[in-house]
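Working notes for the structure below.
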Amino acid sequence: MDLEAAPARENCNAAKADPHKASLKVTLALAYQSLGIVYGDLSISPLYTYQSAFSGKFHLQEDDTEILGVLSFVLYTITIIAVIKYIFIVLNADHDGEGGTFALYSLLCRHANLSMLPNKQAMDEELLKYNLDKPKQTRRALYLKNLLENHENLRTSLLLIVLLATCMLIADGVLTPAISVFSAVSGLKVAAKHLDERVMHLVVSIILIGLFALQRCGTQRVAFVFAPVVIAWLLCLSSVGMYNILRWNPSIFQALSPVHMFKFLHVTGKEGWASLGGILLCITGSEAMFADLGHFSASSIKIAFACGVYPSLILAYMGHAAYLTKHRSDIERSFYKSIPRTVFWPVFVIATLASIVGSQAVISATFSIIKQCMGLGCFPRVKVVHTSENVYGQIYIPEVNWMLLILCLAALL
């Protein structure tokens, strides 16, 4: 069906047929929308990153070695993974405007005879455009191509890696909404210490049901509702972060030196290595930058990240660490305790809304991944609703949406 629709798409204007070649106005509009879809999950990671990183058996020392080390790890992890990997490399490897693991696999199959997928139809060769595109290849590329084509075990291993990565992303679509919304609502414990856990579970369940019910409205409408929330959240992160830096520890910028990472590992030993799993939570949702590429464009995703998301996250993590250097005993709910009391409730409300938005990134990514799986014969055929006349990749899959809701509630309970 996608193949038959191709001539109609080619006859559309440039903005509709290919958002990657759209005007500056359209690109900025997509960048605004991407804040509400792509970066919701990544932007709420400060809610739980430090709490998870310091949940090990080691204790915070008086000389701030652990705090500076964790902060340095967080800063370099975000920079290396989100900036260098995704912004400069991966976003340039789209497959006809689509992103995600299967898109990369299809891109490989376009230039090499690697496909081992079950849908061996007559149109496959035309769909994958194998032997139609003849790009110039280096000697190393030809060597790798021949190596993969001549060894079936390597092709099988590659397909298994693709399927595993896809399953992990779909699992992220199940776990992230439950974890992020619950982390935000848990801030009520700071203001109401005797609040019953069952009440919190009920509130989170209602929020999740409302979130998945909104999906039928389409990516564009949801994005225009969610984008202001993420913008307000990023402003809160940067403002509170700058406040904590100036008030508690202006010298926190010394964590920019990678030396503190080595000091951290030297002091904490085995427990420090174990805590790196918690530090990786600072990049949860970064995979949506590529998986949601079909909903937007590479340039719009890059603009939104460079102009808003990245500087806000850096300030937030630095401010949070600056607060911890003076309040080591508050690690349990340090994020909410670092917020000035005068603005606690507004920030709490925005954080809760942002956690709802954060779940949208992996939900949209799951829709895109499932559609790609269907096209390659790796998923049962389900109804796919195109929700936008302008952007081909903006879709909604009802069956998958409600399955995700049921699994999210199960994970929460």
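The values are calculated or read from the model by the stated rules, or taken from the named source; none is laboratory data. Model, not experiment: these values are computed from the prediction. Cβ sites come from the backbone with ideal geometry, for glycine too, and all protein chains shown count toward neighbours.
In table form, for the structure just shown:
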read-out: Residue count for region 260-269, restricted to those that are surrounded by 13 or more Cβ atoms within 10 Å (Cβ to Cβ) and either closer than 15 Å to ASP63 by Cβ or touching a strand residue (DSSP E or B) at 6+ places or on another chain (Cβ under 8 Å) (or both); value: 5
read-out: Residue check, TYR143 of a type outside the set (Gly, Ala, Ser), crowded, with 18+ Cβ neighbours inside 10 Å and modelled with pLDDT of 75 or more; value: no
read-out: Every pair of residues 6+ apart whose Cβ atoms lie under 7 Å, when the first sits in region 151-168 and is more than 18 Å from GLY377 (Cα to Cα) while the second is part of a helix (DSSP H, G or I) and among the aliphatic types (A, V, I, L, M); value: LEU154/LEU147; LEU154/LEU148
read-out: Among the residues listed as CYS408, CYS378, the single one being of a type outside the set (Phe, Trp, Tyr), over 18 Å from the mean Cα position of the chain (by Cα) and surrounded by 16 or more Cβ atoms within 10 Å (Cβ to Cβ); value: CYS378
read-out: Elements of type helices (runs of 4 or more DSSP H) contained in region 194-282, each with 3 or more residues being under 24 Å from the mean Cα position of the chain (by Cα) and modelled with pLDDT under 90; value: 197-214, 219-248, 270-279
read-out: Lone unmet requirement of (1) aliphatic (A, V, I, L, M); (2) more than 30 Å from LEU164 (Cβ to Cβ); (3) surrounded by 15 or more Cβ atoms within 10 Å (Cβ to Cβ) for VAL343; value: (3)
read-out: So SER312, is it crowded, with 17+ Cβ neighbours inside 10 Å, more than 27 Å from VAL83 (Cα to Cα) and at pLDDT 85 or above; value: no
read-out: Filter result for the condition that a residue is closer than 25 Å to CYS236 by Cα, out of contact with any helix residue (DSSP H, G or I) (no Cβ under 8 Å at 6 or more places or on another chain) and either modelled with pLDDT of 90 or more or assigned to a helix (DSSP H, G or I) (or both), over ILE84, ILE80, ILE67; value: ILE80
read-out: Residue tally, condition surrounded by 11 or more Cβ atoms within 10 Å (Cβ to Cβ) and either of a type in the set (D, E, K, R) or at pLDDT below 50 (or both), over region 146-166; value: 2
